[in-house]
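The values are calculated or read from the model by the stated rules, or taken from the named source; none is laboratory data. From a predicted model like this one, the values you see are computed outputs, not experimental measurements. Note that each Cβ is placed from the backbone with ideal geometry, even for glycine, and that neighbours are counted across all protein chains shown.
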Amino acid sequence: MLVVMAEAPAAQAQRRNRNDNSNQGVPVATSAIVQNPGAYYGKAVTVSAGIERVLSKTAFVIDQRRAVSATEVKAIGKPLLVIAPGLNAALDSKHYVLMRGQIVKFDPAEIARLAPGYALDLAPELGAQYEGRPVMLASSVINSTFTEVTKKRDPDPPR
């Protein structure tokens, strides 16, 4: 009983200090977001998925995958557009990535408001294809080697 009581204050302190991962977003599948976007709009989520298609330097489409043979995988969920304004490295579509961000309805004006200083680099015809659909505005993308690829790079230190 004493052990439980001693651990409870530590857990409460973690929650107060936001060390309980609650600010990282609930883990969710692309199909859940696409099938019921209203439940996720404006919320932080974490998604692990494969890259289906790279659309620009900062926009790509993700989907869950399943192995269909020893050497082949197949997309099984519902594709979701990801816009990662801070993306600073190329992504490999052969691997999964872990993303954290907010789900919003695709609207260039809303994206500009939520990501000040970012210029959407999606071709107009692709933008029209995603108009009004859910999109993840990613604040973090971690590649398959566990490298964060959305951090702003620091300038070279003075010599």
Self-check item: Options Ala70, Ala90, Ala11; residue that is part of a loop (DSSP other than H, G, I, E, B) and modelled with pLDDT under 80
Solution: Ala70
Quiz item: What do you reckon, is Val61 modelled with pLDDT under 95, closer than 20 Å to Ser140 by Cα and assigned to a strand (DSSP E or B)?
Solution: yes
Quiz item: Name the residues in the range 108-132 that are surrounded by 15 or more Cβ atoms within 10 Å (Cβ to Cβ) and outside any helix (DSSP H, G or I), would you?
Solution: Ala115, Tyr118, Leu120, Leu122
Quiz item: Of the residues in the range 29-53, how many are surrounded by 15 or more Cβ atoms within 10 Å (Cβ to Cβ) and either over 25 Å from Ala90 (Cα atoms) or not charged (D, E, K, R) (or both)?
Solution: 16
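Being among the hydroxyl-bearing types (Ser, Thr, Tyr) and at pLDDT below 70: is that true of Ser56 here? Quick ask: steps written out before the conclusion?
Values: among the hydroxyl-bearing types (Ser, Thr, Tyr): yes; at pLDDT below 70: no.
Against the criterion (among the hydroxyl-bearing types (Ser, Thr, Tyr) and at pLDDT below 70), Ser56 does not qualify.
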